[in-house]
Amino acid sequence: MRAVSGVWRWRRNPLRRATDRREAWVALVALLLMVLGTPALGWLCGSLMDDVLQESVRIQQAQRHPTTAVVVRRASGGPRLVTDPEVSSERTTQTSVVARWKAPDGTARSGTVATSSQITDPGSRVRIWTDLDGRPALRPMDAPTARTHAALAGFGVALLGVALIEGGRRLVVWRMVQRRYARLDRAWAEAGPDWGRTGTGS
């Protein structure tokens with residue numbers, strides 16, 4: 001911001017160097033890209049990600065079906081705290097049980113499934129999700145969760161854009177400063193041998 005204000009404040013200053021003006025314009029361009037460009041980029045990426053995830057939601061909901069399974073016994077291993085990022089960001093306690101259920105075509109199935117139900121005694125009924133063949137599957141992603149993931153992705157892209165723009169600005173300014181120092185070194189090398197000799201009669 002100090003460099004940007006220099007575009008206006010130093011416009012008629014006799015001590016202003018050309019590099020000062022260029023550095024201020026680089027800062028101004030970077031600021032405009034951060035304020036206008038990165039939000040647009042984040043919105044675009046978030047919108048595209050939302051379209052992809054919503055399509056995935058529709059596919060998952062078409063290919064997975066809820067059904068009721070009857071618990072035969074608890075499987076080895078105690079309850080575990082899990083987070084399924086495909087479904088939601090909430091953590092749930094799930095218990096593995098051996099159960100039997102029916103596939104969509106009516107075929108009897110059995111196997112080990114995970115359930116978040118608190119009642120897992122033999123004979124109790126638990127809700128599970130299966131694929132089209134009746135195999136256990138994860139609960140399909142819901143639309144609000146997909147939208148949240150897309151928003152987070154867009155926000156992350158916007159932050160990454162800000163970081164890249166700021167990094168590019170710093171790199172450009174660093175190169176400009178290095179060239180300025182190189183010019184000063186050359187000028188000093190040319191004037192150095194005659195420094196202080198004025199009026200000495202040499």
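The values are calculated or read from the model by the stated rules, or taken from the named source; none is laboratory data. Please read all numbers here as calculations on a predicted model, not as lab measurements. With ideal geometry, Cβ positions are generated from the backbone for all residues, glycine too; neighbour counts draw on all protein chains shown.
Would you say Asp121 is at pLDDT 85 or above, charged (D, E, K, R) and under 30 Å from Ala62 (Cβ atoms)? In short, no.
For the stretch 140-154, filtering for residues that are buried (at least 19 other Cβ atoms within 10 Å of the Cβ) and outside any helix (DSSP H, G or I) leaves 2. Within the stretch 59-76, the set of residues being surrounded by fewer than 12 Cβ atoms within 10 Å (Cβ to Cβ), hydroxyl-bearing (Ser, Thr, Tyr) and at pLDDT 90 or above comprises just one member, Thr68.
Which residue out of Ser110, Ser116, Ser124 is touching a Ser or Thr at 6+ places or on another chain (Cβ under 7 Å) and surrounded by fewer than 16 Cβ atoms within 10 Å (Cβ to Cβ)?
Ser116
Considering the stretch 165-183 alone, what residues qualify as being surrounded by 13 or more Cβ atoms within 10 Å (Cβ to Cβ) and under 28 Å from the mean Cα position of the chain (by Cα)?
Of everything in the stretch 165-183, those that are surrounded by 13 or more Cβ atoms within 10 Å (Cβ to Cβ) and under 28 Å from the mean Cα position of the chain (by Cα) turn out to be Ile165, Glu166, Gly168, Arg169, Val172, Val173.
Selection of the stretch 92-118 for residues being closer than 30 Å to Asp51 by Cβ and either part of a strand (DSSP E or B) or modelled with pLDDT of 90 or more (or both) yields only Thr92.
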